[in-house]
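Following: one structure in structure tokens, then a few remarks.
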Amino acid sequence: MRSGASSVQEFPAMLVEWFRKEGKRAFSFRGESDPFKVLCLALMLQKTKAELVDRVYRSFVERFPSPEALAKASLEEIKEVIKPIGMYNRRAKRFKEIAAVLLEKHGGKVPRSEEELLSLPGVGKYSASVVRCVAFGADNVLVDTNVVRIAKRLGIANSAEQAYAALERIVPKGMRKEFNLAMIDFGAKVCKAKNPSCDTCCLLQICKHKGANRSKRR
């Protein structure tokens, strides 16, 4: 492997290779592309670990597979399904609100544009980007706190804005959906906020943070 700046440019390909070989976590929602289900998933994942969401996702989409089904459900029915992931009172109300807006303003369909997605109750920029990328195939990068942490450790950014600009520049078009999924799993399995697994990291040779975790253990 080459070292230096050129290797940083190559890190998206290195990360995707890791993801294909050993990075994928076995979640029931992996491979989902239905826009409504992806939207519901994005909302459930807000401030909630994927492992928790995985416990309720399949039950949720089987019981409420469409905006129509969700609109007809009572708040108590929705709460019953999503209770394990917490904040179920607020989340249930939000799901009802979104179902109503989709039916009233969008013909029961999830809109494609970022502007329209951002107009939906509870949908922020990251959730809108997830829906656009995963459900509609938009070639955009996703940036959250985990991605910013990884970007800082690689020395390519110090803020969300810088991380977005850097990844837009570095990550080739056509690779971005898989790269986004790789970053999510890499942040959860290897480049964790606390006690990162530096010794087994596929990006060790280009990481500015390398050795920090090992030196703390000495």
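The values are calculated or read from the model by the stated rules, or taken from the named source; none is laboratory data. These numbers were taken from a predicted model, which means no experiment stands behind them. When we count neighbours, we look across all protein chains shown, and the Cβ atoms used for this are built from the backbone with ideal geometry, even at glycine.
Looking at the structure I just gave you, is residue 90 among the charged types (D, E, K, R), outside the structural domain of residue 168 (by TED's automatic domain parsing) and closer than 20 Å to residue 184 by Cα? No: the conditions fail for residue 90.
Assuming residue 28 fulfils every condition listed in (1) of a type in the set (Ser, Thr, Tyr); (2) at pLDDT 95 or above; (3) surrounded by 13 or more Cβ atoms within 10 Å (Cβ to Cβ) apart from one, which condition is it? Status for residue 28: all satisfied but (2). For the stretch 59-82, the condition of being without any contact (Cβ under 8 Å) to a residue 40 or more places away in the chain, outside the structural domain of residue 168 (by TED's automatic domain parsing) and within 30 Å of residue 201 (Cβ to Cβ) holds for none of the residues.
Do the conditions hold for residue 101, that is, is it of a type outside the set (D, E, K, R) and over 19 Å from the mean Cα position of the chain (by Cα)? So residue 101 passes the test.
Of the residues making up the stretch 128-137, at least one is part of a helix (DSSP H, G or I), surrounded by 21 or more Cβ atoms within 10 Å (Cβ to Cβ) and hydroxyl-bearing (Ser, Thr, Tyr).
I'd like to know if the stretch 160-168 contains one or more residues that are surrounded by fewer than 15 Cβ atoms within 10 Å (Cβ to Cβ), of a type in the set (D, E, K, R) and in contact (Cβ under 8 Å) with a residue 24 or more places away in the chain.
For the stretch 160-168, residues surrounded by fewer than 15 Cβ atoms within 10 Å (Cβ to Cβ), of a type in the set (D, E, K, R) and in contact (Cβ under 8 Å) with a residue 24 or more places away in the chain: present.
When residue 37 is tested against (1) touching a residue at least 12 places away in the same chain (Cβ under 8 Å); (2) exposed (fewer than 15 other Cβ atoms within 10 Å of the Cβ), exactly one condition is not met: (2). The set of residues in the stretch 40-85 that are part of a helix (DSSP H, G or I) and of a type in the set (Phe, Trp, Tyr) comprises 57, 60.
Only residues that are basic (Lys, Arg) and in contact with a Ser or Thr (Cβ under 6 Å, 6 or more places away or on another chain) were counted in the stretch 67-91, giving 0.
Taking the stretch 38-52 as the range and being within 17 Å of residue 145 (Cβ to Cβ) and not hydroxyl-bearing (Ser, Thr, Tyr) as the test, the residues that pass are 42, 45, 46, 47, 49, 50.
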